[in-house]
Amino acid sequence: MTRIKERWQGFLQAELKAANKLVILGTGNALKGDDAIGLLVAGLLENQLNRYQKQKVKILRAHEIIEFYLKKIKRIKPSHIIIVDAINMRKPPGSIRVCRININHSRGKQTVDDVSDFLEKLASFTSAKIYLASIQPENLEFGHPITQNTRQSARKIVESISQVFPRKPDLP
């Protein structure tokens with residue numbers, strides 16, 4: 001049975017074809033249900049990718065303190081960065097949206113949230129293409145596990161990323 005690719009999958013895979021070094025930055029709070037989805041994606045990728053794939057894909061689990069990863073990302077010198085997070089998009093639980101982040105460096109512009117501030121700082125020292133992979137959470141209550149809908153979405157993102165990077169080098 002052939003599965004039809006969702007629009008976000010085709011977009012993400014097309015964008016990553018030119019990636020020579022990808023950073024996956026999984027974010028979230030592990031104690032607040034679906035808010036941990038970025039951490040789950042990072043963990044699933046860590047377990048699924050082989051040693052050869054991990055030469056091109058660096059996985060970081062940022063939890064809630066993504067600021068601390070700026071220097072590490074700078075040292076890696078990625079061509080592409082994907083930030084995975086639970087974001088309320090007012091869509092059905094488990095919905096996925098992947099978009100490229102373009103930072104406008106307008107003078108005097110004030111940012112209101114930590115993610116915007118982080119993205120501006122990140123864009124200021126890297127020429128990497130930056131993407132945000134958002135998953136619609138269902139439950140963000142403290143002490144609850146990740147719901148089934150968001151867990152399935154995490155697996156879809158992992159599958160899409162791992163398909164872009166071959167499991168072994170092409171032999172001449």
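The values are calculated or read from the model by the stated rules, or taken from the named source; none is laboratory data. Note that the structure is a prediction, hence the values are computed from the model and not measured. Here the Cβ is made from the backbone with ideal geometry for all residues, glycine too, and neighbour counts use every protein chain on show.
Scan the range 26-40 and give yes if some residue there is modelled with pLDDT under 95, under 14 Å from ILE87 (Cβ atoms), surrounded by fewer than 17 Cβ atoms within 10 Å (Cβ to Cβ) and of a type in the set (S, T, N, Q), otherwise no.
Scanning the range 26-40 turns up at least one residue that is modelled with pLDDT under 95, under 14 Å from ILE87 (Cβ atoms), surrounded by fewer than 17 Cβ atoms within 10 Å (Cβ to Cβ) and of a type in the set (S, T, N, Q).
Across the range 83-115, what is the total count of residues that are under 17 Å from GLN136 (Cβ atoms) and modelled with pLDDT of 85 or more?
Summing the residues that are under 17 Å from GLN136 (Cβ atoms) and modelled with pLDDT of 85 or more in the range 83-115 gives 17.
Residues LYS17, LYS71, LYS56, LYS5: which one is charged (D, E, K, R) and touching a strand residue (DSSP E or B) at 6+ places or on another chain (Cβ under 9 Å)?
Exactly one residue qualifies, and that residue is LYS56.
Of LEU60, LEU70, which residue is surrounded by fewer than 16 Cβ atoms within 10 Å (Cβ to Cβ) and within 20 Å of LYS129 (Cβ to Cβ)?
Exactly one of LEU60, LEU70 is surrounded by fewer than 16 Cβ atoms within 10 Å (Cβ to Cβ) and within 20 Å of LYS129 (Cβ to Cβ), namely LEU70.
Quick one: which residue in LYS168, LYS121, LYS156 is over 15 Å from ILE37 (Cβ atoms) and either modelled with pLDDT of 95 or more or within 18 Å of the chain's Cα centre (by Cα) (or both)?
Within the list LYS168, LYS121, LYS156, the selection yields LYS121.
So which residues in the range 130-170 are touching a Ser or Thr at 6+ places or on another chain (Cβ under 6 Å) and in a strand (DSSP E or B)?
ILE135
Looking at LEU31, LEU39, LEU49 in this structure, which one is in contact with a helix residue (DSSP H, G or I) (Cβ under 8 Å, 6 or more places away or on another chain) and among the aliphatic types (A, V, I, L, M)?
Of LEU31, LEU39, LEU49, the one residue that is in contact with a helix residue (DSSP H, G or I) (Cβ under 8 Å, 6 or more places away or on another chain) and among the aliphatic types (A, V, I, L, M) is LEU49.
Within the range 140-148, does at least one residue satisfy the condition of being at pLDDT 85 or above, among the hydrophobic types (A, V, I, L, M, F, W, C) and surrounded by fewer than 18 Cβ atoms within 10 Å (Cβ to Cβ)?
Scanning the range 140-148 turns up at least one residue that is at pLDDT 85 or above, among the hydrophobic types (A, V, I, L, M, F, W, C) and surrounded by fewer than 18 Cβ atoms within 10 Å (Cβ to Cβ).
Applying the selection to the range 29-69, what residues are of a type in the set (Lys, Arg) and within 12 Å of the chain's Cα centre (by Cα)?
Those that are of a type in the set (Lys, Arg) and within 12 Å of the chain's Cα centre (by Cα): LYS58, ARG61.
Considering (1) out of contact with any Phe, Trp or Tyr (no Cβ under 9 Å at 6 or more places or on another chain); (2) within 19 Å of ILE146 (Cβ to Cβ), say which one ARG97 fails and leave the rest.
In the conditions (1) out of contact with any Phe, Trp or Tyr (no Cβ under 9 Å at 6 or more places or on another chain); (2) within 19 Å of ILE146 (Cβ to Cβ), ARG97 misses (1) alone.
So in the range 11-28, with the set limited to residues that are free of Cβ contacts under 8 Å to residues at least 60 places away in the same chain and in contact with a helix residue (DSSP H, G or I) (Cβ under 8 Å, 6 or more places away or on another chain), which one is farthest from TYR131 (Cα to Cα)?
Within the range 11-28, the match that is farthest from TYR131 (Cα to Cα) is GLY28.
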